[in-house]
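The numbers here are math on the coordinates, done by the rules we state, and not lab data. Everything numeric in this text was worked out from a predicted model, so none of it was measured. Counting neighbours? That spans all protein chains shown, and the Cβs are built from the backbone with ideal geometry, glycine included.
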Amino acid sequence: MSTHDPNCIFCKIIAGQIPSRKVYEDEDIFAFHDINPWAPVHFLMIPRVHLPSMAQLGPEHERVMGRIMTLAPRLALEQGCNPYPEGGFRIVCNNGAEGGQEVHHLHVHVMGGPRPWLRG
C-alpha cells in the first residue's frame with residue numbers, strides 16, 4: 001500500500017498542495033474542517049498513510065485507528081462540542097461507494113454542536 005496517492009485530494013491536503021483549515025496534525029494523523037459541514041462542528045480525521053477505505057485496514061493500522069478514536073473526543077471539545085452527557089458528537093466513517101464514501105482516502109467525520117442538525 002502506497003503511503004501517498006498523487007491523485008488523492010486528501011493526500012494533496014496533507015502535503016499542503018490544497019489549502020485546508022487544519023484542526024490537528026502529528027506524524028500519523030491530519031484533521032481539518034469539512035468544506036461542506038453538516039453540523040456546527042464538523043471536521044475530518046485522516047491517517048497520513050493513504051488507505052482507500054476501512055476495507056484495506058490491517059493489524060498494522062490498529063495503532064493509528066485507535067489514536068484517531070481516542071483523539072476525537074478531545075478535538076471535538078476543542079472545536080466547540082459540548083461535554084458529555086448533555087453535549088456530545090457523532091463519528092461517521094463511510095466505507096465504499098455503497099456506504100456513501102465520496103473521497104477514497106479513509107476518513108472519519110466528527111460532527112457535533114447544538115441541535116437541530118442531528119436527526120435520527
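Compute log10 of I(q)/I(0) for the range 81-120 with the Debye formula, placing one identical point scatterer on every Cα and leaving out solvent, at q = 0.18, 0.20, 0.32 Å⁻¹, to two decimals.
Calculated log10 I(q)/I(0) at the listed q: -0.60, -0.69, -1.05.
Only helical DSSP H runs with n ≥ 4 go in: add -39500 (n - 2.57) per run for the chain, normalise by residue count and round the 222 nm mean residue ellipticity to 500 deg cm²/dmol.
-6000 deg cm²/dmol
Of the GluC sites (Glu not before Pro) in the range 25-77, which ones lie in a loop per DSSP and count no more than 15 other C-beta atoms within 10 Å?
In loop regions of the range 25-77 (DSSP not H, G, I, E or B), the sparsely surrounded GluC sites (Glu not before Pro) are E27.
If one puts a single equal scatterer on every Cα of the range 1-44 and applies the Debye formula without solvent, what log₁₀ I(q)/I(0) results at q = 0.21, 0.33 Å⁻¹?
Reported log10 I(q)/I(0), two decimals: -0.73, -1.24.
If you wrap the chain's Cα atoms in a convex hull and average its projection over all directions, what's the area in nm²?
Approximately 7.8 nm², given one-decimal rounding.
In degrees, nearest 10, range 0 to 90: what is the angle between the Cα axis of helix 62-78 and the longest Cα principal axis of the chain?
Approximately 30 degrees, to the nearest ten.
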